[in-house]
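Take a look at the structure set out below.
The values are calculated or read from the model by the stated rules, or taken from the named source; none is laboratory data. No experiment lies behind these values; they were computed from the predicted model shown. Cβ placement follows ideal geometry from the backbone for every residue including glycine, while neighbour counts extend to all protein chains displayed.
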Amino acid sequence: MPGLDLISQWLAGYPAGGERLLSMVGIEVHWFILQYVLGLPLLAVVAEALWLRSGDEDWKRLSRTLAKGFVAVFAVGAATGTASEFGLVLLWPNLTEAAGRYIYFPLYMEIFAFIMEGAFIYLYYYAERRMSPKVHLVVGLLAMAGAWYSASMILSVNSFMQSPANVVANYDPSTGSWAPPDVLLYVPTQIAQALDPNKLSAVGIRILGSGAGDVTVAIPSGLVRTLMAEAFSGKTVAESTLAAVATPEAAQAIGSVPLKAVLDQIVAHTIERAGIFQITFMSGGYLATLMHALGAAVTVSSFTVAGAYALRILRSSAEDPDSEYFRKALKFASTFALVAIALQGTALGHAMGSAVAKHNPEKFAAMEGTSSQIVSLPDSLGLGGLIRGVMPALSYGSPDAKIPNYDDIDPDYRPPLLVHYMYYVKIGLGVLLGLIGLLLAISAWRGSKANWILWLTAISPAIAHVTSFLGWGTRELGRKPWAIYGIMDVQTELTINPPPAWQLAAVALYLALMLALLLAAVYVFLWRRR
Amino acid sequence: MPGIPLPVEFLIPFVFGVHIALVNLDIGLSTAIPLMKWTGEKKGDGFLVERSKTLMRYYAGTYAIAGVFGTAFTVALLSFYPQFIGLAGHLTWVPFGLAIMAIALRFLSIVGYWYLWDKISSGLHAAIGAAMALTGFLVPLGFRAVFAFLNSPEGLHLEPKPYLDVAEALANPSFAPLYLKSVVGGLAVGALVLASAYAWRLTEVEGEARRRYAELASTAAKYGAIAVVIMVPLGVWYLAGLWWTTPFKFANVIGSLMGMAAQSDYSWLFILKMALVAVQLAAAAYLLRRPLLAGGAVDPSALRWAKVAGPAALATVVSGELLNMFSQLPYFVARPDLAAALPEPIVQAISAENVNSLANLPELYWITAAMLVPLLAAVAALFYFMVKGEGEGG
């Protein structure tokens with residue numbers, strides 16, 4: 001019912017609230033910067049291509065300014081990335097260990113992405129006068145490719161955490177029936193022979209088939225969650241749930257073996273069968289995630305560039321010799337912003353939403369707020385009927401489909417309802433951003449000099465950032481109670497030595513302060529003249 | 001090394017070597033740049049201020065590439081040794097947490113110093129520069145505490161669950177000399193690389209500019225020499241710390257030269273490092289005795305020594321770090337004598353032979369070679385352009 005404290009549900013309803021909050025701050029600081037690493041190179045190379053085509057030196061000047069921007073943000077991004085990486089290792093070491101053991105490949109391939117980004121971004125900046133314009137443009141494209149390649153790797157890991165390729169959501173939109181997700185595993189024959197089929201059946205494990213060297217099984221995610229928790233807490237087979245499904249002989253023979261060693265054999269074999277080099281890229285919604293994240297980066301970058309030039313125009317006088325250049329740059333960035341937000345709001349956003357509906361029905365139910373415990377935001381705005389009318393077709397491709405009901409989901413599998421508000425505020429801000437983008441583009445192309453439009457442009461980067469943050473927040477908060485959907489929960493991924501709350505709060509405040517000071521420095525850089 | 005695949009032996013030390021060379025340069029440059037600007041402003045020396053600004057431009061590049069290779073190092077470790085990284089995560093919240101906070105302050109000060117150049121008061125800019133230099137000394141504090149822990153796990157307690165007593169860890173006899181060596185080593189590298197760079201530069205200019213570059217090179221060599229001399233007792237102190245806490249590692253570093261039995265004898269690397277130190281000292285001594293310019297003409301011998309000093313300093317740092325890393329193999333914690341007292345999962349996690357079988361694949365090494373070779377060519381091109389590129393005024 002209304003009155004339910006959504007923040008408490010999010011922070012206290014799942015383990016490690018403080019650690020999750022700190023991770024959110026750290027990763028948001030990194031993502032804040034990263035969007036420019038991904039977005040600015042695209043704008044810079046397009047501006048340079050316009051210069052090559054037209055010979056207009058203003059485009060070259062704009063391209064150089066943008067390059068100077070992304071050289072700096074790349075360095076900052078490398079630093080915040082290192083900090084985030086260490087943060088993840090320190091707070092969630094079991095998750096980190098599992099990722100390093102089983103899905104290391106995209107992380108490993110990021111090594112080359114980092115080197116590619118670093119080398120070509122700085123070549124683009126430092127070596128401009130040593131290469132022909134066309135070669136320089138190609139170097140710029142390689143710099144952008146390095147950044148996007150890096151994003152494609154890390155997002156495959158995140159997509160795996162959201163929806164692993166071997167985890168099947170159990171929601172039927174034609175009937176509205178929900179059941180916990182199943183985990184598909186290839187169990188090596190040697191281990192399978194140690195398990196009793198009747199006991200397996202009794203706990204809901206289904207044998208789907210057998211092949212050379214293994215047996216394919218579908219295990220309820222609740223059982224997998226328990227086994228993972230037991231394995232990482234150091235239990236032996238005899239002390240674990242596995243003993244209950246083992247044959248009496250096997251239970252005695254391998255009772256003293258660490259459960260983690262047995263599970264490792266099963267998971268490693270499954271990963272090998274599925275393909276070590278490709279398993280994360282087969283995660284549900286991976287391509288949609290990648291495109292949506294890149295779209296967000298370009299959107300934020302475009303609005304930021306537009307906002308910066310709007311500030312420069314507001315700061316300059318009509319006689320300023322640069323004013324024509326500023327307006328040209330504003331027109332360029334506004335056009336980019338409009339195209340980016342339009343794509344985000346339609347094709348890319350739709351693809352992402354459909355992927356969530358299909359692969360994470362529990363998160364989808366929370367996003368739509370289909371619960372009697374809260375007042376839905378669309379309902380409170382009088383838009384509930386409209387949303388309920390179009391959502392089935394949008395999400396499942398059929399007007400007769402049923403949206404999952406949050407209250408029908410087992411409480412152990414429910415994400416926090418806060419994501420409903422985050423999601424719909426994001427949608428609202430996205431629509432607002434689209435309207436602002438349209439207004440900016442029209443006014444920039446018409447050469448409007450209205451100050452209020454320039455001020456609106458100047459604040460638009462903040463709106464773009466909040467929108468992007470809410471989108472990422474919806475994704476990450478909606479992953480709860482899982483660390484890896486269907487496989488590992490938050491408690492299991494947590495360090496055995498959780499820091500005291502005051503240390504978590506101090507680090508979070510410190511990182512937020514660093515970001516605030518960084519923004520202040522950027523503001524001074526943009527605003528003050530030599 | 002038996003049990004450790006050759007590519008693992010190569011890849012991890014390689015990315016770490018590049019990282020550590022650039023980090024040392026990073027410490028030196030981030031100290032030199034604000035000092036040069038401050039001194040230039042105080043003396044009304046525009047040449048010095050301009051050199052400081054040009055250095056800052058290059059410094060941003062080396063800083064980012066250092067960060068890139070640092071991340072590459074940890075990712076490579078994670079891929080090949082996930083259990084070790086997992087264990088480190090459980091134990092090292094405080095030392096790595098301090099490092100994270102210092103890194104955050106560092107990037108902020110670097111960005112502030114670069115972008116606010118000429119946009120804020122000189123005093124405030126100098127204060128940001130001081131923060132930039134200071135954070136260069138702070139970042140290694142946490143990292144070196146962990147490295148000392150890897151020498152000998154002082155402060156590790158197993159009951160009621162494995163945890164690290166930070167006070168005991170910081171009292172590790174190998175921590176203080178290791179940390180001080182890192183900072184002073186960075187200053188030595190920065191100064192001597194600058195001496196070499198300005199020696200290269202002075203041959204490309206004439207007149208007053210040549211005189212100024214010669215002056216800068218000599219000054220940098222002088223400070224470099226002081227730092228290298230300080231490194232000698234610190235090195236002895238560190239060796240004493242190793243002898244005290246981990247005779248196993250001490251034997252691998254130098255013990256075989258003293259007749260001790262070494263399991264992984266890397267004394268040849270120690271000898272190489274000492275030879276490189278001797279080159280630096282010889283170069284600095286020569287430059288202190290003989291000026292680069294005599295009557296407006298360049299002294300070719302002095303020029304050669306100046307050009308050699310910087311690369312020798314970088315090579316010294318890399319050889320020293322690799323010696324430190326290799327001399328504890330096949331263990332990540334150089335105390336094999338403690339194995340019997342540790343639980344089996346921890347013993348497994350700290351064994352360098354316990355390589356992730358899913359990553360230890362020929363296909364992965366082929367991919368690595370195919371990706372790394374062209375990218376390293378690009379990095380080489382980048383450094384070529386940075387050194388030879390657009391001139392100091394660019």
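Brief remarks follow.
- Test result for A:Thr270, touching a strand residue (DSSP E or B) at 6+ places or on another chain (Cβ under 7 Å) and within 20 Å of B:Pro82 (Cβ to Cβ): yes
- Leading residue by the ranking (farthest from the chain's Cα centre (by Cα)) among those in segment B:201-252 that are at pLDDT below 90 and of a type in the set (Val, Ile, Thr): B:Val205
- The set of residues in segment A:426-485 being within 24 Å of the chain's Cα centre (by Cα) and surrounded by fewer than 17 Cβ atoms within 10 Å (Cβ to Cβ) consists of A:Gly428, A:Val431, A:Leu432, A:Ala462, A:Val466.
- Among the helices (runs of 4 or more DSSP H) confined to segment A:326-415, the ones with at least 1 residues that are closer than 18 Å to A:Gly473 by Cα are located at A:349-359, A:361-368, A:377-380.
- For segment A:286-311, the candidate set comprises residues that are under 19 Å from A:Met153 (Cβ atoms) and β-branched (Val, Ile, Thr); within that set, the residue that is surrounded by the fewest Cβ atoms within 10 Å (Cβ to Cβ) is A:Val298.
- With respect to the stated conditions, B:Gly255 fails to be at pLDDT below 95 and at positive phi.
- Test result for A:Leu314, surrounded by fewer than 22 Cβ atoms within 10 Å (Cβ to Cβ), at pLDDT 95 or above and either part of a helix (DSSP H, G or I) or not aromatic (Phe, Trp, Tyr) (or both): no
- Of the residues making up segment A:233-275, those that are charged (D, E, K, R) and assigned to a helix (DSSP H, G or I) are A:Glu249, A:Lys260, A:Asp264, A:Glu272, A:Arg273.
- The residues listed here are A:Val217, A:Val183, A:Val224, A:Val187; of these, the one that is outside the structural domain of A:Leu95 (by TED's automatic domain parsing), surrounded by 14 or more Cβ atoms within 10 Å (Cβ to Cβ) and not in a strand (DSSP E or B) is A:Val224.
- Flag for A:Ser210 being part of a strand (DSSP E or B) and not acidic (Asp, Glu): yes
- Residue in segment A:448-466 that is of a type in the set (Val, Ile, Thr) and not in a helix (DSSP H, G or I) present: no
- Helices (runs of 4 or more DSSP H) fully within segment B:276-394 counting 1 or more residues that are of a type in the set (Phe, Trp, Tyr), under 28 Å from the mean Cα position of the chain (by Cα) and over 30 Å from B:Tyr163 (Cα atoms): B:300-326, B:362-388
- Scanning segment A:381-400 for residues that are surrounded by 18 or more Cβ atoms within 10 Å (Cβ to Cβ) and in contact (Cβ under 8 Å) with a residue 24 or more places away in the chain, we see that the one that is farthest from the chain's Cα centre (by Cα) is A:Tyr396.
- Search result, residues across segment B:161-175 that are aliphatic (A, V, I, L, M), in a helix (DSSP H, G or I) and touching a residue at least 24 places away in the same chain (Cβ under 8 Å): B:Val166, B:Ala169, B:Leu170
- Qualifying positions in segment B:85-110 - more than 9 Å from chain A (Cβ to nearest Cβ) and surrounded by fewer than 23 Cβ atoms within 10 Å (Cβ to Cβ): B:Leu98, B:Ala102
- Selected residue [modelled with pLDDT of 95 or more, assigned to a helix (DSSP H, G or I) and either assigned by TED's automatic domain parsing to the domain that holds A:Ala501 or under 19 Å from the mean Cα position of the chain (by Cα) (or both)] from A:Gly26, A:Gly18, A:Gly39: A:Gly39
- Residue check for A:Glu230: outside any helix (DSSP H, G or I) and either more than 14 Å from every other protein chain (Cβ to nearest Cβ) or surrounded by 15 or more Cβ atoms within 10 Å (Cβ to Cβ) (or both): no
- Just one of the numbered conditions (1) touching a Gly at 6+ places or on another chain (Cβ under 7 Å); (2) closer than 14 Å to A:Glu85 by Cα; (3) more than 7 Å from chain A (Cβ to nearest Cβ) is not true of B:Tyr113: (2).
- Number of positions in segment A:93-116 that are more than 7 Å from chain B (Cβ to nearest Cβ), part of a helix (DSSP H, G or I) and of a type outside the set (Phe, Trp, Tyr): 6
- Residues in segment A:215-232 that are of a type in the set (Ser, Thr, Tyr), touching a residue at least 40 places away in the same chain (Cβ under 8 Å) and either in contact with a helix residue (DSSP H, G or I) (Cβ under 6 Å, 6 or more places away or on another chain) or farther than 21 Å from A:Asn170 by Cβ (or both): none.
- Taking every residue in segment B:356-381 that is closer than 30 Å to A:Tyr126 by Cα and more than 7 Å from every other protein chain (Cβ to nearest Cβ) and pairing it with any residue that is of a type in the set (A, V, I, L, M) and surrounded by 17 or more Cβ atoms within 10 Å (Cβ to Cβ), at least 6 positions away or on another chain, the pairs with Cβ-Cβ distances below 7 Å are B:Thr368/B:Leu11.
- Pairs, first surrounded by 17 or more Cβ atoms within 10 Å (Cβ to Cβ) in segment B:333-351, second of a type in the set (Gly, Ala, Ser), C-beta under 6 Å, six or more apart: B:Arg335/B:Ser152; B:Val347/B:Ala339
- Test for B:Ala227: is it under 22 Å from B:Tyr179 (Cβ atoms) and touching a Gly at 6+ places or on another chain (Cβ under 9 Å): yes
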